[in-house]
Amino acid sequence: MTLIIKPDLEHDRPWRDVLQEMLPERTCRDWDAPGDLGEVEYAFVWNPPPGALRTFSNLKCIFSIGAGVDHLLKDPDLPEGVPIVRMVEPELTQGMTEYVTMHVLRFHREVPTLEAQQRDRVWNELIVPTAPSRRVGLLGFGVLAQDSARVLRALDFDLACWSRTPKQTDSVESFHGADGLDPFLTRTQILVCLLPLTEATKGILNRTLFAKLPRGASLINAGRGGHQVEPDILEALDTGQLAGAVLDVFRTEPLPADSPFWTHPKVTVTPHIASVTQQRSAAEQVAANIRRIEAGEAPHNTVDRALGY
Ligand code: NDP
Ligand code: OXD
């Protein structure tokens with residue numbers, strides 16, 4: 001009857017306490033004190049050691065603490081046939097929408113240029129267009145990107161999205177699949193990556209992709225570091241193909257102290273905090289899904305292992 005927890009970040013309260021409150025009928029245990037492994041039915045985890053989940057012989061479901069599940073699917077010994085549920089919770093979505101909106105507005109209003117002017121005591125009256133003339137493109141159009149689009153649309157940005165399957169939406173121009181990528185890129189001045197990291201998307205942020213954007217485009221990557229070919233980002237910034245980049249995720253995290261991104265004048269680095277799973281709202285989702293499973297129903301937000309998200 002146990003739920004076992006391997007957390008990622010230190011939150012205000014131990015995850016075990018928050019989940020235990022939400023699930024009084026279950027025993028919630030920490031990863032380091034699991035008790036009888038055969039009693040563990042649910043795991044709530046971020047980055048468990050490869051092979052570890054297989055040691056729970058009666059696992060009914062694996063809950064990812066994050067929206068992305070690349071950290072779980074890379075385990076070659078992941079138990080087969082056990083559903084994986086990814087994190088979809090309103091506050092995680094809200095946090096990403098705030099991050100994306102803030103950085104889109106920052107590029108749109110040319111804040112990096114204004115900050116450089118201030119440093120140099122330059123009074124240069126930049127004239128920037130308004131949002132309807134700014135073309136923003138969302139790579140990935142799932143839970144997070146759709147909510148960002150809702151707010152960007154309210155600000156009247158000219159929006160497009162690129163996804164695996166086509167989307168029906170009046171307010172966002174939809175492109176999809178391999179054939180849709182080039183026309184999507186050609187029209188995108190501010191590119192926001194909210195893709196999952198899969199076999200099909202790894203390394204997608206590379207020189208070839210940047211060359212298809214209009215010169216001087218900007219990049220916001222809050223997907224995964226594995227999407228980035230990092231030397232290609234630096235090259236595109238240095239040639240001016242990219243005017244700026246906001247990077248929340250990196251090939252190696254924490255970002256090594258000698259990474260050129262830390263000091264690059266055209267780069268904003270954030271430490272993988274574009275959005276963070278919030279405890280109470282996440283625990284509500286987990287508890288609701290456990291109750292569904294116990295009632296014989298399929299959980300919400302399950303991952304398609306073949307697609308990788
Ligand atoms: P979803 O699964 O809801 O959406 C994924 C989107 O990507 C879908 O629109 C999907 O297309 C599209 N996609 C997947 N594969 C391809 C492909 N090969 N070609 C084109 N489009 C593709 O995910 P979320 O929106 O919830 O989260 C997205 C990612 O954001 C997470 O996987 C995680 O990596 C990252 N993340 C980062 C955080 C941070 O703090 N930096 C916080 C939370 C998440 P379709 O709609 O057709 O299926
Ligand atoms: C996530 C993340 O996937 O925080 O939720 O990166």
*For segment 67-86, what are the residues that are under 21 Å from Gln278 (Cβ atoms) and either away from ligand 2 (no atom under 11 Å from the Cβ) or assigned to a loop (DSSP other than H, G, I, E, B) (or both)?*
Ala67, Gly68, Val69, Ile84, Val85, Arg86
*Is there a residue being under 30 Å from Gly226 (Cα atoms) and not charged (D, E, K, R) anywhere in segment 14-27?*
yes
*Given the conditions (1) in contact with a helix residue (DSSP H, G or I) (Cβ under 7 Å, 6 or more places away or on another chain); (2) more than 16 Å from ligand 2 (Cβ to nearest atom); (3) of a type in the set (Asp, Glu), and given that Glu89 satisfies all but one, which numbered condition is not satisfied?*
(2)
*When segment 112-144 is examined, which residues are found to be more than 14 Å from Met102 (Cα to Cα) and small (Gly, Ala, Ser)?*
Ala116, Ser133, Gly137, Gly140, Gly142
*Please state which one of Glu110, Glu98, Glu115 is within 15 Å of ligand 2 (Cβ to nearest atom), assigned by TED's automatic domain parsing to the domain that holds Thr201 and of a type in the set (D, E, K, R).*
Glu98
*Just wondering, is there one or more residues in segment 255-263 that are touching a helix residue (DSSP H, G or I) at 6+ places or on another chain (Cβ under 9 Å) and in contact (Cβ under 8 Å) with a residue 40 or more places away in the chain?*
no
*State which residue is nearest to ligand 2 (Cβ to nearest atom) when the search covers only segment 220-232 and only residues that are crowded, with 17+ Cβ neighbours inside 10 Å and more than 22 Å from Leu92 (Cβ to Cβ).*
Glu230
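Across segment 233-252, which residue is surrounded by the most Cβ atoms within 10 Å (Cβ to Cβ) among those that are free of Cβ contacts under 8 Å to residues at least 40 places away in the same chain and not hydrophobic (A, V, I, L, M, F, W, C)?
Step one: of segment 233-252, the residues free of Cβ contacts under 8 Å to residues at least 40 places away in the same chain are 233-242, 245, 247, 249-252.
If we keep only those that are not hydrophobic (A, V, I, L, M, F, W, C) as well, we get 235, 238-241, 251-252.
On the way: Glu235: 14, Asp238: 12, Thr239: 12, Gly240: 10, Gln241: 18, Arg251: 15, Thr252: 9.
So the residue we want is Gln241.
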*Tally time: how many residues in segment 240-287 are polar (S, T, N, Q) and in a helix (DSSP H, G or I)?*
3
*Please find, within segment 118-133, the residue that is farthest from ligand 2 (Cβ to nearest atom) out of those that are part of a helix (DSSP H, G or I) and surrounded by 11 or more Cβ atoms within 10 Å (Cβ to Cβ).*
Ser133
_Can you list residue pairs whose Cβ atoms sit under 9 Å apart, with the first residue in segment 267-280 being buried (at least 19 other Cβ atoms within 10 Å of the Cβ) and the second being among the charged types (D, E, K, R) and at pLDDT below 95? Count only pairs 6 or more apart in sequence or on different chains._
Thr277/Asp8; Gln279/Asp12; Gln279/Arg13
*Pick from segment 155-212, criterion touching a Ser or Thr at 6+ places or on another chain (Cβ under 6 Å) and part of a loop (DSSP other than H, G, I, E, B), ranking: surrounded by the fewest Cβ atoms within 10 Å (Cβ to Cβ)*: Pro166
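Test Ser57 against the stated conditions and say whether it is within 12 Å of ligand 2 (Cβ to nearest atom), modelled with pLDDT of 95 or more and among the polar types (S, T, N, Q). Can you show your working first?
Numbers: within 12 Å of ligand 2 (Cβ to nearest atom): no; modelled with pLDDT of 95 or more: yes; among the polar types (S, T, N, Q): yes.
Spelling it out, it is not the case that Ser57 is within 12 Å of ligand 2 (Cβ to nearest atom), modelled with pLDDT of 95 or more and among the polar types (S, T, N, Q).
Report, by residue number, each residue of segment 213-239 that is part of a loop (DSSP other than H, G, I, E, B) and out of contact with any Phe, Trp or Tyr (no Cβ under 8 Å at 6 or more places or on another chain). Show your work before the answer.
Step one: filter segment 213-239 for residues part of a loop (DSSP other than H, G, I, E, B), giving 213-216, 222-224, 229.
Matches in segment 213-239: Leu213, Pro214, Arg215, Gly216, Gly223, Arg224, Val229.
Assess whether Arg187 counts as being under 14 Å from Gly68 (Cβ atoms), assigned by TED's automatic domain parsing to the domain that holds Leu105 and in contact with a strand residue (DSSP E or B) (Cβ under 9 Å, 6 or more places away or on another chain).
For Arg187, the condition - under 14 Å from Gly68 (Cβ atoms), assigned by TED's automatic domain parsing to the domain that holds Leu105 and in contact with a strand residue (DSSP E or B) (Cβ under 9 Å, 6 or more places away or on another chain) - is not met.
The values are calculated or read from the model by the stated rules, or taken from the named source; none is laboratory data. Please read all numbers here as calculations on a predicted model, not as lab measurements. Using ideal geometry, Cβ is built from the backbone for each residue, glycine included, and neighbour counts are taken over all protein chains shown.
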